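Every number in this text was worked out from the coordinates using simple rules, so none of it is lab data. As the structure is a computational prediction, the values presented were derived from the model and not from experiment. Ideal geometry is used to build each Cβ from the backbone, glycine not excepted, and the neighbour counts take in all protein chains shown.
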């Protein structure tokens, strides 16, 4: 195992902020090129959807992945924009599906501009992202990208199927988060490598890094759903349980609980999950069974595996990019929103 | 001008029905290849959405366009499926936007499976269509395709902007239907040509054919909205007026009407358009101003121009395909649903 020195949080923050500015410039240029002679409302909706203060982590992953594989040009930023477009397209459609009023501390697109505008703007971003991928990552890049986007949809269906399913296994949980989250992060890193002309071994290593990182990200997201401070995360605590989403802390608890406690959990999950007190009972049961610690350990293991996969690049000509990829993996564990 | 002999309706019908079966086989094969190890509900929703008895005219246009440019292989059917996928994706999303209960005489996807499944299935089809285009029509095909799909979204926004706009001009109307409908039909024909390795002149001629055909199709669609038999079209008569969509018959009427009649039309358009009798009054005013005939003549002119554009292919090695393209143009004028 090679030792990678991940960037420390403050160096990562400074670096990521500067890169986000470059990525946003590329996005604005791309939009200006794509939106000529268009309806002004479309441009307004797209601008609102895209420039609401995201951290631009997905495009950053594409940039860093291409850098550690030796790419040095600026074209990667044009490609990188595609990953933010797709990400925002899914958020905009998710907010329609969930009737969400807010997103990132502002009104959701669906609420501000109506459902029609939100669905259409999501479709526009979806189409534009594929356009950029096809143009800057070729047919092989498009294959990887489209497999991940169709996989995301499949993950959502799989999740719908398991609503309030107390029998959901850890394996099924990972199948859901693999498709819903990890596949696209893996594709982002792999396409960055492809763009740099990297060989199959490097592509595979970055895909592994992305897959582990994406899975860890989702495990932490699911933990924050229980443990996060709503004023920091911007999301209502316990939302997953109320919606019947069975995530890792609950799965661990269902596996570890005594028969009587397990029976009680089943009842709570199938009953009125929004009833006063239901969430608090579940929360305490998860604590009793160490479900939160256990999920956290899983995320830590995934992050360690992600960093391991970077070992292949120990001799890269872009050590700063490599250390930022390491830092991003650790950031997943540290984030509180 | 070269004389093209368009296929007669009965020959076209027989031909189109056989081709639809081949196209559907290609779609089913593609789905089977794409949907391995997937959630069974996703497969069910996609099957429901895709196999509800469409006429498969878009994929047929791609096949015929490639044939008149000299392509002979079967790969075109794999590419052609993409156009049906995209078409169905837009229908599925439209039905969410319009809260439509029915589509093609059955429950809409949104009603049968819920909004989440409908948005997600549309996204899946969208992604898969781009995948196929990138694979079988290359980067140039993807450029043409994505410009048409982002253009479609733009057309929808333009249409939203002109709701109940009595000042909408014929030019603005054509800008809307060009983007909403004609661009994608043009792209379908152009990409068929591209796939066949046709030169720029042939590509441009088929793009023109598709653009004129698509515009004529939409003009007739807008006429049928007023004049169609609801039991045949499956759509409520007068829906466009009730929704405030200002289409060609109304634009012609607003241009031709006496001041008093024009004032009355403005009031009706801005008032309660669903009020009893409102539609009947508008209908009579359009008849008085020959708005229906005038719109019909516009569609006939567009179809004649579409057929003219086929003149370039008079010496094609695939005369049957050429005559079917001519027949499809005439079919646009003859259809009653």
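Tabulated results
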item: Span per principal axis, largest first, for the Cα atoms of segment A:38-113 (Å); result: 43, 28, 18
item: Residues A:85, B:48 arranged by fewest to most Cβ contacts within 10 Å; result: B:48, A:85
item: Euclidean distance between Cα centres, segment A:155-183 to segment A:259-336, Å; result: 15 Å
item: Inter-label distance, nm, simple model (7 Å from Cα along the C-beta direction), residue A:22/residue B:18; result: 5.9 nm
item: Percentage, to the nearest whole number, of Cα pairs in segment A:1-62 over 20 Å apart; result: 42 percent
item: Exposure proxy ranking, count of Cβ atoms within 10 Å, fewest first, for A:55, A:112, B:212; result: A:55, A:112, B:212
item: Pseudo-label separations to other copies for residue A:28 - Cα-to-Cβ vector, 7 Å, nm; result: 5.3
item: Segment A:55-164: proportion of alpha-carbon pairs further apart than 15 angstrom, %; result: 69 percent
item: Highest-MSF residue in chain A out of A:149, A:253, A:14 [GNM, Cα springs under 10 Å]; result: A:14
item: Nearest-first distances (nm) between copies at residue B:243, label 7 Å from Cα via Cβ; result: 2.9
item: Mean Cα-pair separation over length for segment A:9-334, i.e. relative contact order, pairs under 8 Å, 6 or more apart, %; result: 20 percent
item: Degrees, to the nearest 10: B:319-334 long Cα axis against longest axis of chain B; result: 20 degrees
item: Residue A:336-residue B:336 pseudo-label distance in nm [points 7 Å out on the Cα-to-Cβ vector]; result: 7.1 nm
item: Highest-MSF residue in chain B out of B:281, B:303, B:88 [GNM, Cα springs under 10 Å]; result: B:281
item: Ranking of A:13, B:111, B:56 by count of other Cβ atoms within 10 Å, fewest first; result: A:13, B:111, B:56
item: Spherically averaged projected area in nm², based on the convex hull that wraps the Cα atoms of segment A:9-334; result: 16.3 nm²
item: Cβ-vector label at 7 Å, residue A:284, separations to other copies in nm; result: 7.4
item: Spread of Cα-to-Cα distances over 10 Å intervals beginning at zero, given as percent, for segment A:266-337; result: 17, 30, 23, 16, 11, 3
item: 11 Å cut-off, amide nitrogen to a point 7 angstrom out along residue A:236 Cα→Cβ, residues in segment A:70-105; result: A:100-101
item: Degrees between helix B:75-97 axis and first principal axis of chain B (Cα, 0 to 90, nearest 10); result: 30 degrees
item: Segment A:21-38-segment A:99-135 distance, computed between alpha-carbon centres (Å); result: 16 Å
item: Inter-label distance, nm, simple model (7 Å from Cα along the C-beta direction), residue A:72/residue B:99; result: 6.0 nm
item: Kirkwood Rh (inverse of mean 1/r, distinct Cα pairs), the protein assembly as shown, angstrom; result: 26.9 Å
item: Taking segment A:183-337 and dividing mean pair separation by its residue count, relative contact order in percent (alpha carbons under 8 Å, at least six apart); result: 32 percent
item: 0 to 90° range, to nearest 10: angle between helix B:115-161 axis and chain B longest Cα axis; result: 20 degrees
